[in-house]
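Here, each number is a calculation from the coordinates, and none is a lab measurement. Predicted model only: the values in this text are computed from it and were never measured. Quick reminder, even Gly has a Cβ in these numbers, built from the backbone with ideal geometry, and neighbours come from all protein chains shown.
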Amino acid sequence: MIPNAKKFAYGLVMASQKLRHYFQSRTIHVVTSQPLKKILTRPEASGRVVAWSTELGEFDLKYVPRTAIKAQALADFMVECTFSGPQDLTPEEQLIQTPGKWKLFVDRSLAGKKCGAGLILSSPEGFEICQAIRFDFPLTNNEAEYEALLAGIELARSLEAKHLRDFSNSMMVAKHFSGEYEQRDPRTKAYTIKVKDASLSFETFELSQIGRENNGRAYALSRLASAETKSLTGSIYLTEAKTPSIEKNNYLEIDQGTDWMTPIRSFL
């Protein structure tokens, strides 16, 4: 008897003894490259082989030849270890994948005379702040986008964010910020200057344009802000803006004449 075949036959016998209840209730397929069936059923077998053949005879065993497994193993490995990665994402979805940075999504909604904006600020750990802004003054779509952007930047600055990436639905806002589009409107130019000044508070700052299909939540917030509702759910903050961000605050200028304190102030 072939030595390797004898080892395999002995292993099968040991398995049948330890798993007897499984062998008795099922058809067992023995996948092997050894000629076990021929060895265990030949008439001239003697000694231990006869005992093993008798012991295994009570079970329903089917011997299946083992085929080449290298190609199948490689195929199984590819199936089990293939994961969806950035190559499965659209370019815009890959753009949004910014690990280690705060992300700000802004959008606006104009419904008749009512205008609102929505912003979602997300930390690198996934913590989100959702805010809806209702404007009590007339704005264009791009101006409302700028207002939401400035509000989100101020919120990120208050949370001491160091790296911020903003996503806006407005291509005009993104192109104005990058300098690709020429600015002719004085108000738009003032908004762009204010955004650039605010961006200096961060170590890294980027502004990109994305489609509404990837910015739907911010757009939904802007629709809520422009609606008639007085309040939103507890997880969404609703604020009202009374004046545009680019308007300077009025200060009362005090004109002091000459008195006995004038020389003292001049000395100090």
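Summary table
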| read-out | value |
| --- | --- |
| Contour minus Cα-Cα distance for residue 204 and residue 4 (0.36 nm per residue) | 65.3 nm |
| Virtual spin-label span in nm between residue 258 and residue 223, 7 Å along Cα→Cβ | 6.9 |
| Inter-probe distance in nm under a simple model that places probes 7 Å from Cα toward Cβ, at residue 137 and residue 29 | 7.7 |
| Distant-in-sequence amide H partners of residue 237 (H built 1.01 Å from N, under 5 Å) | 130, 131, 132 |
| Length gained when the stretch residue 247-residue 197 is fully extended (0.36 nm per residue, less Cα-Cα span) | 16.5 nm |
| Sites residue 268 and residue 189 - FRET efficiency at Förster radius 41 Å, r taken between beta-carbons, to 0.05 | 0.50 |
| Chymotrypsin sites (Phe, Trp or Tyr not before Pro) lying in DSSP loop within the range 111-213, provided at most 15 other Cβ fall within 10 Å | 127, 181 |
| Label point at residue 237 placed 7 Å out along Cα→Cβ; residues across the range 112-139 whose backbone nitrogen lies under 17 Å | 117-124, 126-135 |
